[in-house]
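**Q** Take this structure first; my questions come after.
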Amino acid sequence: MSSGNESCLFENGSVSFLSCLVHVWEEWAGLGQLEDYLSFLEYLLWVFTPLAIVFILPFLIVIFLYLSILFLHVYKRKNQLREAYSNNLWDGARKTLATLWDGHGAIWHGYEIHGLEKIPDEGPALIVYYHGAIPIDYYYFLATVIIQKGRTCHSVADHFLFKVPGFKLLLEVFSVIHGPQEECVKALRNGHLLGISPGGVREALFSDETYPLLWGKRKGFAQVAIDSKVPVIPMFTQNLREGFRSLGTLRFYRWVYERFRLPIAPIYGGFPVKFRTYLGDPIPYDPKLNAAELAEKVQQAVQALIDKHQKIPGNILRALLERFQRERKED
């Protein structure tokens, strides 16, 4: 018998083969130490559970307080919601979701919008905006327009959104289209507002905290404005890149997107930084401008908003501290 099996049991001078195998397997698998490991883990659990409870309970209370505030946002508009549902099911649904998004923006980002009076109370206009890694500011903007203007702003989104399972109903209810120029012109000629970001997915993934506009030579949006004879309203949200950031600056993700049109660059963040959306002066329809000239003029207008309202490069800590400013500093 080898030394590794010396501890095997002998019964009446014969080896219990089964007991030997079990013993060897326990030694090989380290099960002899498993009980010690479990005892140590039990000790750690006993030590740290009270500490975890001490820190988790206050956190849960804070969450409950914020949920209470969100409830109050909805309750404040209960009469408007009741009226909306009595008129049309989807109008009520849109206003309810808008109220929830409006509450989220107020709580998580202290969301402000400046220049909302530039959005017409009726009639068409094309809103052109800078696209963040996640355009959550645009969702807040849509919510504000629904609540304060009583209007639904149609939107242009990338094709891949229409392939996401379960998104179809949401896109239909909020009048999102995938962007053929004919459909855009139709929406505007029917008197609707229309929002579009010429940078699209490319700007979302590959722009950074220096806020470059990645529009390339796109001018389709300008042709839409010309064909519809509507004003163009530039829009930009301060600190948008500090809320969510993308790893799209890494060459691999850019190569994959340019080669296969797959938007796979990871996005991280969700930081509760201060968001302020600025609407610039409307650029009126001018029959003397062609699409290329109008596109350049709109790009300059959006860039002017960035230059005026955004500190470059963006800084997450600074954007967080802006939440605690009592009043907005005049730029």
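The values are calculated or read from the model by the stated rules, or taken from the named source; none is laboratory data. These numbers come from a predicted model, not from an experiment. Methodologically, a virtual Cβ is constructed for each residue, glycine included, from the backbone with ideal geometry; neighbour enumeration extends over all protein chains shown. With ligands, DNA and RNA removed, areas are computed over all heavy atoms of the protein, side chains included. Shrake-Rupley method; radii C 1.70, N 1.55, O 1.52, S 1.80 Å.
**Q** Defining a contact as two alpha carbons under 8 Å apart and six or more residues distant in sequence, what relative contact order in percent does the range 159-255 show?
**A** Computed value for the range 159-255: 27 percent relative contact order.
**Q** How about Lys297: which lysines have a C-alpha closer than 22 Å to its C-alpha, ignoring those fewer than 8 places off in the same chain?
**A** Counting by Cα, and skipping residues close in sequence, Lys297 has these lysines nearby: Lys118, Lys217, Lys219, Lys229, Lys288, Lys308.
**Q** Given the -39500 (n - 2.57) contribution per DSSP H run of 4+ residues, what per-residue ellipticity at 222 nm results for the chain, rounded to the nearest 500 deg cm²/dmol?
**A** So the helix-based figure for the chain works out to -16000 deg cm²/dmol.
**Q** So, one more: Just the number, please: percent antiparallel of the DSSP beta bridges in the chain, rounded to the nearest 5.
**A** Bridges in the chain that DSSP calls antiparallel: roughly 40 percent.
**Q** Separate question: Heavy atoms only, probe 1.4 Å: what % of the accessible area of the range 42-84 goes to carbon and sulfur, would you let me know?
**A** 80
**Q** Oh, and also: When only alpha-carbon atoms are used, what values of Rg and Dmax, in angstrom, describe the chain?
**A** 29.0, 110
**Q** While we're looking at this one, here's another question. Give the lysines whose C-alpha is closer than 25 Å to that of Lys78, dropping any in the same chain fewer than 8 places away, or say none.
**A** Answer for Lys78, where 25 Å is the Cα cut-off: Lys95, Lys149, listed by chain and number.
**Q** Taking the convex hull of the alpha carbon atoms in the range 76-127, what volume per residue do you get, in Å³?
**A** That works out to 116 Å³ per residue.
**Q** Based only on Cα atoms, what Rg/Rh ratio does the range 118-211 have, Rh being taken as Kirkwood's radius?
**A** Result: Rg/Rh = 0.96.
**Q** Taking a quarter of the surface of the convex hull around the Cα atoms of the range 207-287, what do you get in nm²?
**A** Convex hull of Cα atoms, orientation-averaged projection: 7.1 nm².
**Q** Could I ask something else about it? If amide H atoms are built 1.01 Å from N in the plane of the peptide, which residues on other chains or at least 5 residues away come under 5 Å of the amide H of Val176?
**A** For Val176, the qualifying residues are Ser155.
**Q** Net charge within 9 Å of Asn315 by Cβ-Cβ distance, Lys/Arg positive one each and Asp/Glu negative one each, not counting Asn315 itself?
**A** 0
**Q** For the pair His178/Leu321, report the inter-label distance in nm, with labels modelled 7 Å from Cα in the Cβ direction.
**A** 4.7
**Q** Counting only heavy atoms of protein chains, what accessible area per residue, in Å², does the chain have with a probe of 1.4 Å?
**A** 60
**Q** Something else about it: With only Lys, Arg, Asp and Glu charged, each at its Cβ (+1 for the first two, -1 for the last two), find how big the charge dipole of the chain is about the Cα centre; round to the nearest 20 debye.
**A** I would put it at about 1740 debye.
**Q** Could you grab the relative contact order for the chain? Cα pairs under 8 Å, six or more apart, rounded to a whole percent.
**A** Reported relative contact order: 17 percent.
**Q** What accessible surface, in Å², does a 1.4 Å probe find on Asp307, ignoring ligands, DNA and RNA and rounding to the nearest 10?
**A** Roll a 1.4 Å probe over it and Asp307 shows about 100 Å².
**Q** Where the convex hull is taken over the Cα atoms of the range 82-159, what is its projected area averaged over directions, in nm²?
**A** The Cα convex hull of the range 82-159, projected and averaged over all directions, gives 6.2 nm².
**Q** Now, a different point. Leaving ligands, DNA and RNA out of it, work out the accessible area of Trp90 with a 1.4 Å probe and give it in Å² to the nearest 10.
**A** 110
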